[in-house]
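**Q** Okay, here's the structure, questions in a sec.
Quick note: the coordinates plus some simple rules give every number you see, no bench work behind them. This structure is a prediction, so every number in the text was calculated from the model and none was measured. All Cβ positions, even for glycine, are placed from backbone atoms using ideal geometry, and neighbour counts span all protein chains on display.
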Amino acid sequence: MMKRNALSLLIAASLLVAAPGLALAQSAAKATAPAVSTQGSPSKLVLDNSQRILSTLESRRAEFTRNRAALRQFVMTEFNNIFDRDYAARQVLGRHGRGASDADIKTFADALADGLMQRYGSSLLDFNTQLRVRVTAETPLPRGLGVKVSSELLRSGGDAIPVDYLLRQSGGQWKVFDVMVEGVSFVQTFRQQFDGELQRKSIPQVAAELRSGQLQAAPTDRNKK
């Protein structure tokens, strides 16, 4: 199942940022994380947000099913609070973003986020909130770029699914900038998708096509069988 739906789960994990991630992270993080204060730590941040998001999805499921605009607003708010959209956009743009203005980066980041919300936001209503999670490590990234929180999604009767969250300090807060499901990276997936377009067009042009629906943030799942 995971091999056939790697992209869908990747997007869902990215939109939820940490959900259903780390529902058991508090105790696990103490055993695996570096000896630092938990206040403001990546694991604590991920834990608090995942619990709130999952609880809200369950308690408001009927409302969100009837009112998709309310669901979209909720998910977008959570996405903005925890995800470093502009930094992630720079990573997606790669070499095409070098020297780009902050305004162009923000335009692309907004268009990409809106496209993801539009295309995948409603699928979160079908997300399994009963998954168990095991945190396997919290380790620093090379060159002081941030922290990786490694975890596994545990399904009843199914194989464990590894999910990694990459976080960095931004404005004095930990922010997620990439999510990897079974080694498939949010950043790398969309960098590959948009590379060809960005070779022929400017960043604002690609962003405009994303907003209009002419270009969709929906690359082919290469693992699909």
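**Q** Would you kindly give the portion of the calculated P(r) for region 101-198 that falls above 20 Å, as a percent of all Cα pairs?
**A** 53 percent
**Q** Report the local net charge at residue 198: Lys and Arg +1, Asp and Glu -1, summed over other residues whose C-beta lies under 15 Å from its C-beta.
**A** Computed value for this residue: +2.
**Q** Can you compute the modelled spin-label distance between residue 170 and residue 212, with each label point 7 Å from Cα toward Cβ, in nm?
**A** Spacing of the two 7 Å Cα→Cβ label points: 2.8 nm.
**Q** Here is a follow-up. Order by neighbour count: 194, 74, fewest other Cβ atoms within 10 Å first, most last.
**A** Neighbour counts put them in this order, fewest first: 74, 194.
**Q** Here is a follow-up. Which entries in the list 44/106; 44/148; 148/175 go over 20 Å, if you measure between the two C-alpha atoms of each?
**A** 44/106
**Q** Gain in length, residue 106 to residue 192, computed as 0.36 nm per residue apart minus the alpha-carbon separation, to one decimal in nm?
**A** Taking residue 106 through residue 192 to full extension adds about 29.0 nm, to one decimal.
**Q** Something else now. Taking the number of other C-beta atoms within 10 Å as the exposure measure, put 56, 77 in order starting with the fewest. Write down the numbers at each step before the final one.
**A** On the way: 56 15, 77 10.
In increasing order of surrounding Cβ atoms, one gets 77, 56.
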